[in-house]
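Contents: one structure, followed by commentary.
Computed from the coordinates by the stated procedures, all read-outs in this text should not be read as laboratory data. A quick note: this is a predicted structure, and the numbers were derived from the prediction, not measured. Counting neighbours? That spans all protein chains shown, and the Cβs are built from the backbone with ideal geometry, glycine included.
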Amino acid sequence: MKSINLKENQFIQFHQKISFKFDGVKYFGYKGDTIASALLRNNINLVGRSFKYHRPRGIYTCGIEEPNALVQIISEYSEPNTRATIKKIYEGMEIESQNRWPSLENDFGSINNLFSPIFTAGFYYKTFMGPHKKFWKNLYEPLIRRAAGLGKPPKDFKGVSNHIHHNVDVTIIGGGLNGLLAAKSLINSNYDVLLIDYEEQLGGIINNSNKISLIDNKEPKDWLKETIQEIEDSKNIKILKNTLVTTYNYVNHLIAIEDRFVGSKPIEGKVNSTLHKIRTGHTILCNGHIERFLSFQNNDLPGIMLSSSFEKYMCRYGLAPSKEPVIFSNNSNSNSLVYSLIKAGLKPKAYIDSRSGEEIEPNLFDLIRKNDVPLYTNSQIKGAFGNKKIEKILVEDSSGALNEIKCDCLCLSGGINPDVHLFTQSKGLLDWDEKDLTYKPSKPFQPTITLGSASGQFNFDNLNSDINEKLKTFKVKKLDVKLELNTNTKYHIEKLWEVSPQKKSLWAKSFIDLQNDVTTKDIRQAITEGFDRIEHLKRYTTNSMGTDQGKISSINALGIVSDLLDKKVNEVGTTIYRPPYAPLSFSAIAGRNCYEFYDPERKSPIHSWHLKNGAIFEDVGQWKRPWYFQINKDESMHDAVQRESKNVRENAGILDGSTLGKIEIKGEDALEFMNLIYTNSFTKMRQGSARYALMLGEDGMVKDDGIICKISDQHFIATTTTGGAATVLGCMEEYAQTEWPNLKVFMNSITEQYATFNISGPKAREIMKKAFPNINFSNEEFPFMTFQFHEFNGIPIRILRASFTGELGYEIYIPSNSAPKIWDNIQSFGKEFGLAPYGTEAMHLLRAEKGYIIVGQDTDGSITPIDLGLSWMIGKSKKDFLGKRSLTRSDTIREDRKQLVGIIPSNKADKLEEGQHIILDKEIKSPVPMLGHITSCYYSSTLGHDFALAVIKNGHSMIGTKAYASTSSMSTTGVDIVKPVFYDEDNKRLVS
Amino acid sequence: MLIINCPYCGPRDQSEFSNGGEAHVKRPDGSKEIGDREWGEYVFIRANPKGLFYERWVHTHGCRKWFNCVRDTSTDEILVTYKLDEKKPNLNNFKSVVKTPSGEPEVGSGNFTVEK
Ligand SMILES: [Zn+2]
């Protein structure tokens, strides 16, 4: 195919040269060129290899519907599957073709074409089902993955995109003739309007064809300029260019993607795409139509393209891809290509129409006659032939005779379809038009208006009345635009989906889906095999399942199926068009919610001290908590944890507990509310005392625990687990609002307002005395489970005497901003007593030695307080609390429920593993009756051996017996089932 | 994504809300004797109709208030929202779009794209 440059126009100037590389070779194009137009200008027709058979493929279209010309942009992190027909070139751009090896010209994978008779519909399903799954995994899949496919994934990609939200009254999608007219009528109205087009220039059909000769007696170009100016000047209309609407959701919610670097290389670190999230009152769809192709033998050869696309290259890019293309059509839409060619001083090599001479538009007939264009009416192309490009075609004329025509380009038109993707995404219904042979929008589901060819109005005669009628609801001025056309005014089409090949051959291929390499034969075979429902047929053949969603071909497939089944197309139906309309990158969807913004990190006020002091962090929900502290780089985690925990038992340790959830509960009825939320009774509790409390779900299962401080009957402070803070507050609010609205009570999270330090160990009192000399920490003045408010250097603090380690312990609550100072203070006073920080792992070990549970580790939402041996925490005299009634359900009073026990290895040297099963037999012989599992497991240097907590069936009555624990090496370890307390069982140290 | 009209704040994006399941399920009075069946139904059983449904939502990332609504589960349309202490609206006041024998709405179910 030899292309020729036509005249310059407003989109392309021939003095602005741009160099780019395609498969390593340098070429020149012009500013404004797409990759496709630039390649055509350089007479490059072979641009890729097909998905399955590796057949040579060229440029088929001039827009978003392109099935073939997908390329990899090497200069943009190797971005794959880019439509060459959309992407604009820029200086220094590097492009590579896809799915070929070692080169585009000599592609090894094209051997698949030889084997093609076996790669038919359902090939994968048939071949790879069966007993030899290993073959699939080890042989077929890797082979097919290498051979079949599109581009390679991008490398080192760090795309930046942002999101913009819009809230408007009207969104117009498509800035062609109808979109502009709709916008024009809304100029300076009271509506906020968004006008969106995926191209750089508004105008659509006015820019892309020579169909229209005059608008309001003006040159279309001039009318366009004026109208765009008026719209831009209007205060209520915003225009988004280079923006493609990909998704039409419920409640008129649209998603559109804007390319921020059209025609230039994206700058690293700058936003390269914007995702627009649009809420709109009404959506006006003016997104036009898409031309279909036709199926015949080798309809995929490079050099074949859609006729409207050829015209678009002429009008928009000043480029005729060929000097003398053959045109093959079954409808009137290709008329204007003939007109454009002749106007440009070129001439079709032949015009072939499946329609009869009487049906062809008279003015086209005249044009063809006047210019001596060879005309074939009632004729069809039986096939196209050539080596990696079209060289000749075989035409069957009205007499049935075969004519061979040599040509380097073939333009197809199989009719046009309204672009109904967005309309069906909006859940509107379609209806088949038997005259125009296409699906058209019929019943909208949302406030959706369709105008122009998007609504199936393929003629211009009703332009004004249609817009005026459909925009009536806006009560705006009526339009009266006068159009004059260069070609016919009435759309006419004759049914033709497929021409059968001249010679029957296993290798003859008429494609129905170019991107997925589906042939019309595959469709036939699927129907023969019983896949005659359109959704089944789609999956079985993969027809229209490519990234182009079969934009130029899916209706043809429906036509073929309806003929084969002898059903009306409406009965065949259509598969559902799903968002996105065209692929959009994950980075655009992610927007700013990636890297450091993906999930916020929460840090305690002491975080920077931890960083400086060798803390290794663990994530607890969003919180960063010190897991353990390394005193030097060589210290292992095990050593650090044992050192930290030993120090707590012998001297004292300090833990940053700031992440603990804290909720303040206030109000006249706070006491009654707390009694309803927690299992415990707070009525008789003295002011200034604290209590360990459990919260249940209505099903009676433990949901959270914490310490409740009672300041008065009207004022409580509750702590929650680090991960449970939001849920507990949410639960309190829910019940306060929905079940007990009569209670006067308020609650608020104060988690971040207060830092918490836990100082614990036999020397804790000495350290506290030193750090807070004005406070009396004696057992009489400050007993276990009480708290006091104090002021320290003007800072209000609350000290609670409580412990999660089993040692004498104090928790200090300090306003977050003052916390680092007091933390440093305590560190310096604690030094002489051996005070050292400890992390969450040592904390877990210490609490497990003491038999304290962790909700979510030792419980899993199926454990009641009774199962935990915590019946004493249930306020039995209380009439009601969350989940109370469930504690006497038949299921919760079962004796063989899983209950919390302690586990130690019978041979103290043996190891235990978290998550392993407790079983009764030494030998593992399936089926093994499941008793339960180990929930927490540690080595204790205090005990000198491993120990564990476990939940096992009937556990409480098994205490004192022996069992086995499974191991990860598929053996068992003998264990003793003991009480779940391993340290200081009578609490002497707590109250010392 | 839906726009939900919070009775306290006005229309807001769905991402600000959390769903709380069926509305108007009364918690049995704990001070009285409650049978196993009655309690079991309260804890475990919820309706799940296709069509009009009383539902609870909470404006989690807003005023944190709970409220009720009537939602058509077949189209996702929220027909009305109202405060907890307001009377529940009569479902006969709303037109259910569920018409076809299989319970699909005439338009908008998303299960087919062509008019039948
Ligand atoms: Zn609200």
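Okay, here's what the table says:
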quantity	calculated
Calculated FRET value between residue A:188 and residue A:740, using beta carbons and R₀ = 45 Å, to 0.05	0.25
Residue A:268/residue A:28 FRET efficiency (R0 45 Å; Cβ-Cβ; nearest 0.05)	0.95
Relative contact order for the stretch A:661-749, counting Cα pairs under 8 Å that sit 6 or more residues apart, in percent	41
Listed pairs A:603/A:684; A:382/A:551; A:495/A:538 exceeding 30 Å between Cα atoms	A:603/A:684
Global form of the stretch A:661-749, assessed from the alpha-carbon gyration tensor, a/c cut-off 1.5	rounded
Debye-sum result for the protein assembly as shown in log10 I(q)/I(0), which assumes one identical scatterer on each alpha carbon, at q = 0.04, 0.05, 0.10 Å⁻¹	-0.32, -0.49, -1.20
Total formal charge among the other residues, if their Cβ is under 10 angstrom from that of residue A:408, Lys/Arg +1 and Asp/Glu -1	+4
Over the stretch A:745-805, relative contact order from alpha-carbon pairs under 8 Å, at least 6 apart, %	24
Spin-label model distance (nm) - residue A:970 vs residue A:788, 7 Å beyond Cα toward Cβ	6.3
The stretch A:844-900 shape via C-alpha gyration tensor axes, a/c threshold 1.5	prolate
Potential lengthening between residue A:650 and residue A:749 on full extension [0.36 nm per residue; Cα-Cα distance subtracted]	32.1 nm
Dimensionless Rg ratio for the stretch A:298-366, taking C-alpha atoms and the 2.2 N^0.38 Å reference	1.09
Per-bin percent of Cα-Cα distances, the stretch A:565-660 [5 Å]	2, 9, 13, 12, 12, 8, 6, 6, 5, 5, 5, 4, 3, 3, 3, 2, 1, 0
9 Å beta-carbon shell around residue A:185, net charge (K/R +1, D/E -1)	+3
Distribution of pairwise C-alpha distances over the stretch A:361-428, 5 Å bins, in %	4, 12, 16, 16, 17, 10, 8, 8, 7, 2
Net charge over other residues, Cβ less than 9 angstrom from the Cβ of residue A:720 (K, R count +1; D, E count -1)	-1
Cβ charges +1 (Lys, Arg) and -1 (Asp, Glu), total dipole of the stretch A:732-882, debye	480
Candidate aspartates and glutamates for bridging to residue A:509, where Cα separation is under 13 Å - those fewer than 8 sequence places away on the same chain excluded	A:300, A:498, A:517, A:522
Disulfide-incompatible cysteines by the Cβ rule (no partner under 4.7 Å) in the protein assembly as shown	A:62, A:286, A:315, A:407, A:409, A:411, A:594, A:709, A:731, A:937, B:63, B:69
Cα→Cβ-extended label distance, 7 Å offset, between residue A:943 and residue B:87, nm	6.4
Charge dipole (debye, nearest 20) of the protein assembly as shown; +1 at Cβ of Lys and Arg, -1 at Cβ of Asp and Glu	860
Range of Cα positions in the stretch A:644-710 per principal axis (Å), largest first	43, 30, 21
Chain A: antiparallel DSSP beta bridges as a percent of all, rounded to 5	75
Percent of Cα-Cα distances greater than 17 Å, calculated over the stretch B:3-94	54
Cβ-based charge dipole, the protein assembly as shown, positive-most Cα from A:390, A:622, A:886	A:390
Mean ellipticity per residue at 222 nm, deg cm²/dmol - from DSSP H runs of n ≥ 4 across the protein assembly as shown, formula -39500 (n - 2.57)	-5500 deg cm²/dmol
DSSP-assigned coil residues among GluC sites (Glu not before Pro) in the stretch A:527-590, each with at most 14 further Cβ atoms within 10 Å	A:529
Span from the the stretch A:1-68 Cα centroid across to the the stretch A:313-361 one, whole angstrom	21
Calculated over the stretch A:769-824: convex hull of Cα atoms, volume per residue (Å³)	93
Length released on extending from residue A:342 to residue A:232, taking residue separation times 0.36 nm less the Cα-Cα span	36.0 nm
Spatial separation of Cα centroids for the stretch A:483-558 and the stretch A:645-718, in angstrom	69
Distance cut-off 18 Å, percentage of C-alpha pairs in the stretch A:452-595 lying past it	70
In order through the stretch A:352-364: 3J(HN,Hα) via Karplus (6.51 cos²θ - 1.76 cosθ + 1.60), integer Hz, x for Gly, Pro	10, 10, 6, 7, 7, x, 6, 7, 5, 4, x, 6, 5
Point-to-point label distance, residue A:500-residue A:896, nm (Cα→Cβ direction, 7 Å offset)	7.1
The stretch A:4-111, relative contact order [Cα under 8 Å, separation at least 6], %	29
Segment residue A:962-residue A:435, extension gain: residue separation times 0.36 nm, minus the distance between their alpha carbons	181.3 nm
Cα gyration tensor shape of the stretch A:895-992, rounded if a/c is under 1.5, else prolate or oblate by comparing a/b with b/c	oblate
Gap separating the Cα centres of the stretch A:585-623 and the stretch A:946-992, nearest whole Å	37
